Amino acid sequence: MRSEGSGTGPKQREIALEKRVKTAYRDLKKANAELRNRIDQLSAFHRISLAMRYSSTNPQQLWKMMLEEALELLRGDSGAIYLVENGVLRVQTARGLSADAVSDLEVPIGDGVVGHVAQSGEALLAPDVSKEPRYKVLVEGMQSEVAAPMIGGESIIGVINVESRKVGAFKPSDKELLMTLAAHAARVWENAMLYQMAQQRNQELLESYEKLRKAQRELIRKERLAALGEMAAIVAHEIRNPMTAIRGFAQRIGRRLHDPAAAGKYLDIIISEVDRLDEVIRSVLYFGKKPAMRKQSARIDSIIREALLILDDNIKRKSLKVQRSIDEGLPAVMLDEDQMKQVIINLLHNAVDATPRGGLMAIEATRQDSGLLIRVTDSGTGVAPEISEKVFEPFFTTKPRGTGLGLTMVQRIVEEHNGTIGFTNLPGKGAAFIVHLPLPGSRPASAAQRASQCNGDGESRTEWKDAGTAT
């Protein structure tokens, strides 16, 4: 049996237990402090991460926030964030320095602790600045310092430094923490630079766009003035000739009122010239302001027959032969009947003018896979190569009494029906103008397909000219 005086009595066990409790409490208190410190660090990084969203628009505010976080986490008394500018370090934000000192302060690369860190690219911990030969006093009373480089890409862009009035205030873990903050700061700088570059590029694009817009407006203005001048010259010419004829024949009527037959002949000429004036005016008005489309279901064969009937006198006057080839059972098409009739009349009128007396002209309408094909052929001299690109241009004409707006109006009407118009030269046979109108739900034929349709006999070289490219 053990004696009562032995060291394993209740009293000793109580003392040992108390020691273990105190040790556990100290360990728990230390772990709790480390955990709280870690929570503070994570909270700071979280706040910095949130603030980095706005770093591109206000980097200076973020520099200030990052320095405050660094000072709080490292329990520092003063500090600054420097950026490399033109070979020196310039303060972006600081605590402990006056505003005048901040604005005037320039630290050469390699000078002092901050300059050394910027030159070496390595963080530096000085527990006692009195033993650090590179230390230079910026704020009186500081006893320890830690500084870390901000590295962007492969270059040093700046330095963060924190100082304390206590000797040994910073530990190696504080240096690691400051290095992490410096990495965040480098990303802030990179974001700000990218934003500035994007803003600069955007400004350049806006300026280029504005210059282009002004140039385009000026070009449109000049084109309008040129077109107006050209139209005025053509209209003046076209009106002057009929007016001269009307005036002359009116004078003749006045002198020959006793001769009803002669007066009647002169009146017919006057009426013809008035009709010519009316045609000029209608063409100019249509070119200046197109009428509204009134589409409805219509048959193209009926429109062709009406157009031929309207031009019957012109055709007979030149003793022309007209070959008609219209497929049976052509489907109805949604179109503006009056405007499409004008298209057919204009094309037939051109064919009549191009075909020599007693010659042959033709009109055909067929159904293709992608729509309706209307082809008007004359037996004239064809379209000369030097004018092939001008055929659909407004005010261009080879006729002595033309306005140059006929084919322009035809092109406009066809395009408003989602169709295309072009022409092909037939050497020795004249020219053929082809209109392609898509059927509802069909896929329009390609230009190459339409070109082959224009030259089905394979004897001549096809020159398909899309209206869109001709102008």
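This table checks each residue for (1) in contact with a helix residue (DSSP H, G or I) (Cβ under 7 Å, 6 or more places away or on another chain); (2) part of a helix (DSSP H, G or I); (3) assigned by TED's automatic domain parsing to the domain that holds G87.
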| position | (1), (2), (3) |
| --- | --- |
| V114 | no, yes, yes |
| E122 | no, no, yes |
| Y135 | yes, no, yes |
| G141 | no, no, yes |
| A147 | yes, no, yes |
| L177 | yes, yes, yes |
| A183 | no, yes, yes |
| A186 | no, yes, yes |
| E190 | no, yes, yes |
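Would you check if P149 is without any contact (Cβ under 8 Å) to a residue 40 or more places away in the chain, within 19 Å of L67 (Cα to Cα) and not hydrophobic (A, V, I, L, M, F, W, C)? Don't jump to the end; show me each part of the working.
Working: without any contact (Cβ under 8 Å) to a residue 40 or more places away in the chain: yes; within 19 Å of L67 (Cα to Cα): yes; not hydrophobic (A, V, I, L, M, F, W, C): yes.
The answer is yes for P149.
Strands (runs of 3 or more DSSP E) wholly in the stretch 292-403 with at least 3 residues that are among the aliphatic types (A, V, I, L, M) and in contact with a Ser or Thr (Cβ under 6 Å, 6 or more places away or on another chain) - which ones? Before you say what the answer is, go through the steps one by one.
Numbers: elements: 296-298, 321-326, 333-335, 360-368, 371-377.
Filter on the stretch 292-403 gives 360-368.
Given the options A307, A354, name the one that is more than 19 Å from T424 (Cα to Cα) and among the small types (G, A, S).
Working: A354 fails: more than 19 Å from T424 (Cα to Cα).
Matching residue, one of A307, A354: A307.
Can you tell me which residue in the stretch 80-119 is surrounded by the fewest Cβ atoms within 10 Å (Cβ to Cβ), limited to those that are more than 48 Å from the chain's Cα centre (by Cα) and at positive phi?
By that ranking, first place goes to G110.
Need the failing condition index for A332 against (1) in contact with a strand residue (DSSP E or B) (Cβ under 9 Å, 6 or more places away or on another chain); (2) closer than 29 Å to A292 by Cα; (3) in contact (Cβ under 8 Å) with a residue 40 or more places away in the chain; (4) exposed (fewer than 15 other Cβ atoms within 10 Å of the Cβ), just the number.
(3)
Considering the stretch 176-185 alone, what residues qualify as being under 19 Å from A118 (Cβ atoms) and either buried (at least 20 other Cβ atoms within 10 Å of the Cβ) or touching a Cys at 6+ places or on another chain (Cβ under 9 Å) (or both)?
L178, L181, A182, H184, A185
Given the structure, is V410 in the same structural domain as I310 (by TED's automatic domain parsing), touching a Leu at 6+ places or on another chain (Cβ under 8 Å), crowded, with 21+ Cβ neighbours inside 10 Å and outside any loop (DSSP other than H, G, I, E, B)?
Answer is yes for this residue.
Scan E106, E140, E154, E132 and give me the residue that is modelled with pLDDT of 90 or more and among the charged types (D, E, K, R).
On the way: E106 fails: modelled with pLDDT of 90 or more; E140 fails: modelled with pLDDT of 90 or more; E154 fails: modelled with pLDDT of 90 or more.
Answer to the selection: E132.
Against the condition modelled with pLDDT under 90, in contact with a strand residue (DSSP E or B) (Cβ under 9 Å, 6 or more places away or on another chain) and assigned by TED's automatic domain parsing to the domain that holds L178, how does G87 come out, does it pass? Reasoning before the result, please.
On the way: modelled with pLDDT under 90: yes; in contact with a strand residue (DSSP E or B) (Cβ under 9 Å, 6 or more places away or on another chain): yes; assigned by TED's automatic domain parsing to the domain that holds L178: yes.
Judged against the criteria, G87 is a match.
The values are calculated or read from the model by the stated rules, or taken from the named source; none is laboratory data. In this text, all values refer to a predicted model and were calculated from it rather than measured experimentally. Because the Cβ atoms are built from the backbone with ideal geometry, glycine has one as well, and the counts that use them run over all protein chains shown.
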